[in-house]
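Step one of this worksheet: look at the structure below.
Nothing in this text is a laboratory measurement; each read-out follows from the coordinates by a stated rule. These figures come from a predicted structure and were not determined experimentally. Neighbour counts run over all protein chains shown; Cβ positions are idealised from the backbone, glycine included.
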Amino acid sequence: MRTARVLTPLEVRQKSEAIGEHNVGGVAGTLLLVVRKTQAGEISRAWKFVIRAGGTKQTFGLGRYTYKQQVGAVTLAEAREKAQKIREDILEGRDPRAGVSQEVKSDKPAEHTLDELFPKYFAYCEKMNLWKSPKMLPDYERLYRLHISPGLGGKGVNEVTPAAIAQVLTPLLIRSPSTGKKAQHLLSPFFRWCLRLENSYRSPALGNPATSEVLKDRLPKAGQCKATTHHPMCHLEDLPRFVQLLVESGRVNDVGGMACLFILLTASRQGNVIKNSRAGAKCHAVWADIDKRRALWTIPAQKMKVAANGAHVVPLSKQALAILSRLEALGMSSDEDALFRSLRGKVVGEAACARIIKNLSVRDREAGGNGFVDKEQGGRLMTMHGTARAAFQTWAAEQGYSRDLTEAALHHTKGGNGDAYLRTKYAEQRRQMMQVWADFLFSECPKDWAKFRAK
């Protein structure tokens, strides 16, 4: 009978890179290192011991291969020791499977559903400070609840296959490519976390079913997906008329109308000014962040979409300061109070801005205009976010402002947003730019509203 050559640990490690069953020798019977490609496209490495007893071939799984000491994995020496123990049990008339099956059972990951594991994963990410911004957690929780849980939440973590993930992601990618990509970007690190040795929720042999490499041939191509749409914006030629109508309609005396103007004047994200369900309840502007003497609004990093970019300091134009003065006249200037809140103390929400936009658009059409719609998006009604951000960016480019200056104003770049930065000449350029932008917005307002115009 041919005896297998006894391989060294280094030789076995080299064999572990080749697909197949490799006899490593060193024990009576056949001790194999089985290297396979999983259905997820990843490589699995496990030990298998084959021995003949009483004319019957018996096969035993000995665990996952590792070349160094790891919890839940088996080295070459340990595999040989286990195989020898099985052989001795058989020769002495004992049933080796009693011990082995118990051992295998203890190594087997518990079958948890995704609905059970995702809260643990979110807690882990928060504990390890893996979110770029505090607002990412509620965003991802909402994404999971609406788009992933209905199709995968009830499945055991070992039951989820690339095909099951593709079945969930495909309609989502076709309908909303950006949401589909976010869902995939959430699933891939989640399964990577499940495969970690300290968790062992998912069997290593199954691999990660949500990587781009595994899913690339299962998901729709870019041409099959709906084109990415942006937030509809009011076009620049219509924007001064929008502000004019807002002023003339008297909405400028409402807290909601003033909030709309402040968002436009500061080119801010809506959630940093008023209450936004996606941004989080405590991301809106408060009086403690305002420095009227220096005409600055400092938004703490934790309130920003990308907290890693640091705090965002916004130079306030004369028009923005005038709005703050009107709010103070209404008795709304306590440090911890929201800038824009009703007399009952409720923070103005995004629905208030949406109603104002809709009403002003109707008034414009009644006056012979086209309403405040985005013509490039099939006439969709403008949004405050799309207008405050995209329209400002377009205007700045047309006015010849540098990209760096514009990106700093939109908090798209790291650094350069602290007090030291504001003391530089570059900061003065930002202040001048925001004032010119404010003058443009109010350029069609009636003269009796001159207090809102730059002097």
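For region 239-452, the alpha carbon positions stretch 50, 43, 36 Å along the principal axes, listed from largest to smallest.
The phi-based Karplus calculation (6.51 cos²θ - 1.76 cosθ + 1.60; θ = phi - 60°) puts the 3J(HN,Hα) values of region 232-240 at x, 10, 7, 5, 4, 5, 9, 5, x Hz, whole numbers, x for Gly and Pro. Restriction of the GluC sites (Glu not before Pro) in region 322-380 to DSSP coil positions whose beta-carbon has at most 10 other beta-carbons within 10 angstrom yields Glu336. Selection among Pro150, Ala166, Pro134 by position relative to the dipole of region 114-224 gives Pro134 as farthest towards the positive end (Cβ unit charges, Cα centre). Summary of the geometry: region 340-393 and region 171-203, compared by the centres of their Cα atoms, lie 35 Å apart.
Annotation: amide H of Val273 within the under-5 Å range of Ala285, sequence separation 5 or more or interchain, hydrogens built in the peptide plane. Using Cβ point charges alone (K and R +1, D and E -1), the dipole size of region 314-364 about the Cα centre works out to roughly 300 debye. Along region 162-178 the Karplus relation, 6.51 cos²θ - 1.76 cosθ + 1.60 evaluated at θ = phi - 60°, assigns HN-Hα couplings of x, 5, 5, 5, 4, 5, 7, 6, 4, x, 5, 5, 5, 7, 8, x, 5 Hz to successive residues, with x for each Gly and Pro.
Between amide H atoms placed 1.01 Å from N, distances below 5 Å from Ser268 occur with no residue 5 or more places distant or on a separate chain.
As a proxy for reagent exposure, ranking Ile90, Ile19 by other Cβ atoms within 10 Å from fewest up yields Ile19, Ile90. Between region 116-162 and region 257-330, what is the separation of their alpha carbon centroids in Å? Cα centroid of region 116-162 versus Cα centroid of region 257-330: 31 Å apart.
Of Lys120/Lys303; Lys15/Lys85; Lys303/Lys346; Lys82/Lys155; Lys48/Lys127, which sit over 28 Å apart, Cα to Cα? Listed pairs above 28 Å: Lys82/Lys155; Lys48/Lys127. Taking label positions 7 Å along the Cα-Cβ direction at both Arg94 and Lys37, the computed distance is 4.2 nm, reported to one decimal. Taking label points 7 Å from Cα along the Cα-to-Cβ direction, Ser325 and His412 give a separation of 3.4 nm. Footprinting exposure proxy ranking of Thr56, Thr387, Thr298, fewest other C-beta atoms within 10 angstrom first, gives Thr56, Thr298, Thr387.
Projecting the Cα atoms of Ile263, Ser317, Trp287 onto the dipole axis of region 239-452, where Lys and Arg carry +1 and Asp and Glu carry -1 at the beta carbon, places Trp287 farthest toward the positive end. Under 5 Å between amide hydrogens, built in the peptide plane, is the criterion, and for Val74 it picks out Arg64, Tyr65, Thr66 among residues at least 5 positions away or on other chains.
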